[in-house]
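Colleague: Pasting a structure here, questions to come.
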Amino acid sequence: MAAVNGGSYDVIVSNPPYVTNSAMQALPPEYRHEPALALAGGDDGLDIVRRILQQGKRHLTRHGLLLVEVGPERETLEAAYPDLQITWLDAGAEDASVFLLERAHLPD
């Protein structure tokens, strides 16, 4: 979140890396042309998503919104944050999970 450096925004949209370590090993060759930094999300795929959730509140305006894609890691996110008031959006693909959170519902 260093790129937002002190700014305050009405909407933050992110498609962070969310591929788990084990899934990184199984990626087909065409995906391996991408830098690992663009795909690798850590053991459970949520390393960057956690940072966004932890730091998002300080970068959103009072009524700001956060939209984040987590790919196939929807269940992992829900298990990691069972009390988070997530709104799931229809992303049009079976394995593309996108959530919306209001600033007020982000963790402090």
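Colleague: Among the residues of the stretch 1-14, what is the count of those that are farther than 20 Å from Val98 by Cα, among the small types (Gly, Ala, Ser) and either open to solvent by less than 40 Å² (accessible area, probe 1.4 Å) or part of a loop (DSSP other than H, G, I, E, B) (or both)?
Modeller: Residues that pass the stated criteria total 3.
Colleague: Just checking, which of Gly64, Gly45 is surrounded by 11 or more Cβ atoms within 10 Å (Cβ to Cβ) and within 17 Å of Ala96 (Cβ to Cβ)?
Modeller: Just one listed residue meets the conditions, Gly45.
Colleague: Could you tell me which numbered condition His59 fails, if it satisfies all but one of (1) closer than 19 Å to Ala80 by Cβ; (2) of a type outside the set (Lys, Arg); (3) touching a strand residue (DSSP E or B) at 6+ places or on another chain (Cβ under 9 Å)?
Modeller: The one condition His59 does not meet is (1).
Colleague: Sticking with this one: Among Ala23, Ala79, Ala38, which is among the small types (Gly, Ala, Ser) and without any contact (Cβ under 8 Å) to a residue 12 or more places away in the chain?
Modeller: Ala79
Colleague: A further question on this structure: Give the number of residues within the stretch 15-54 that are farther than 22 Å from Leu89 by Cα and either assigned to a helix (DSSP H, G or I) or of a type in the set (Lys, Arg) (or both).
Modeller: 13
The values are calculated or read from the model by the stated rules, or taken from the named source; none is laboratory data. Just so it is clear, the model here is predicted, and its values are computed rather than measured. Ideal geometry is used to build each Cβ from the backbone, glycine not excepted, and the neighbour counts take in all protein chains shown. Heavy atoms of the whole protein, side chains included, go into the accessibility calculation; ligands, DNA and RNA do not. Shrake-Rupley method; radii C 1.70, N 1.55, O 1.52, S 1.80 Å.
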